[in-house]
Amino acid sequence: MRSIWNGTIGFGLVSIPVKLYSATEQKRIDLDMLDKEDLSKIKYQRINENTGKEVKWSDIVKGYKLNDEYVVLTNEDFEKANVKKSKSIEIDEFVEEKEIDSVYFDKPYYLEPAEAGRKPYALLREALKKTGKVGVATFVLRQKENLAILRPMKEAIVLNKIRFQSELRDIDELNLPMDIDIENKQLDMAIQLIDQYSTEFDVTAYKDTYTEELQKLIQEKMEGREPELPKKETAPTKSKDLMAQLKASLEEKKKKAS
């Protein structure tokens, strides 16, 4: 793996040199954009809106428009804005992970210690395991300040970016069911159905079946076969059919279990 950021973890007065690695990778089919007339690849160009000519990556700079004029910013400028946050993951506090709602979670990264930071890294990891707490930290990555938590995962410390409160949309904008009369029998049956489907979570039991099916479809088209049409979408359950559908769901689960 190739690191995408080098810096330190600030843990009180303890400084732990680390490298940051993306913990995820895209598992999807790589599709090209083609001209439907002759299936030629479509190329994207960076065009100067004044001259109409293509601009090389090496000649592109970043700028902020202020009073109808652009102020050009270099990589050094972004670091100068806050050298500490650009080079340090500063732990501000420790909290229970369950206190953080899942809507705040974003992308995970692995943290690897530099040779000089192996012992303090291990110390922080074991302390997090013992206390069951996660460290809340801020740092700058790709010219953006990020909020994150640090938590142990096996022998590693994982940095999980989390969203700021201001990044979440207000649920009050949604048209949600509020004054709905739920019968006790319906609720009891729904709880029974949840109990029947309850199990220990095992992420390895879940596979990316969509990509597999898409690859199968591509192979069929390559061989000149017409792929089968998918099944129609399930119709929404009407209120009057709710009890019947719940009962049928319970019976179906029992049959599968026997």
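A Cβ-based charge dipole, computed about the Cα centre of region 1-68 with Lys and Arg at +1 and Asp and Glu at -1, lands at about 320 debye. The candidates LEU187, LEU250, LEU73, arranged from most to least accessible area with a 1.4 Å probe in the full protein assembly, appear as LEU187, LEU73, LEU250. What the phi angles of region 41-52 give under the Karplus curve with 6.51, -1.76 and 1.60, with θ = phi - 60°, is a coupling list of 5, 8, 9, 10, 10, 9, 9, 6, 5, 8, 8, x Hz, glycine and proline written as x. The figure for THR199 is an accessible area of roughly 120 square angstrom, using a 1.4 Å probe on the protein chains alone. Per residue, region 32-156 exposes 78 Å² of accessible surface when a 1.4 Å probe is rolled over the protein heavy atoms with every protein chain present. Compute the helix-to-body angle for 209-222: its Cα long axis versus the longest principal axis of the chain, expressed 0 to 90° and rounded to tens. Around 90 degrees separate the two axes. What is region 107-151 by shape, rounded, prolate or oblate, if you read a ≥ b ≥ c off the alpha carbon gyration tensor as root eigenvalues and call it rounded for a/c under 1.5, prolate for a/b larger than b/c, and oblate otherwise? Oblate. Taking ILE157, ILE29, ILE60 in turn, the Gaussian network model of the chain (Cα-Cα springs below 10 Å) assigns the largest fluctuation to ILE60. Anisotropy class assigned to region 121-194 is oblate, per the alpha carbon gyration tensor with a/c at or over the 1.5 cut-off and a/b no larger than b/c.
Per atom type, region 132-244 shows carbon and sulfur on 53% of its accessible surface, probed at 1.4 Å.
The protection proxy used here, the mean number of other Cβ atoms lying within 10 Å of each residue, ranks peptides 221-229, 141-149, 172-180 as follows, highest first: 141-149, 221-229, 172-180.
May I ask you to rank TRP5, TRP57 by accessible area, largest first, using a 1.4 Å probe over the protein chains only?
From most exposed to least exposed: TRP57, TRP5.
Remark: the Cα gyration tensor places region 1-67 in the oblate category, a/c being 1.5 or greater and a/b not exceeding b/c. Inter-label distance, SER22 to LYS130: 3.6 nm, where each label sits 7 Å from its Cα along the C-beta direction.
Placing +1 on the Cβ of every Lys and Arg and -1 on the Cβ of every Asp and Glu, with nothing else charged, gives the chain a dipole about its Cα centre of roughly 880 debye. FRET efficiency for LYS98 and GLU37, Cβ-Cβ distance as r, R0 = 45 Å, nearest 0.05? Step by step, r from the Cβ atoms, then E = 0.20.
The values are calculated or read from the model by the stated rules, or taken from the named source; none is laboratory data. Just so you know, these numbers come straight off a predicted model, no measurement behind them. Please note: Cβ atoms are built from the backbone with ideal geometry, for glycine as well, and neighbour counts cover all protein chains shown. These accessible areas exclude ligands, DNA and RNA; they are computed on the full protein's heavy atoms, side chains included. Shrake-Rupley method; radii C 1.70, N 1.55, O 1.52, S 1.80 Å.
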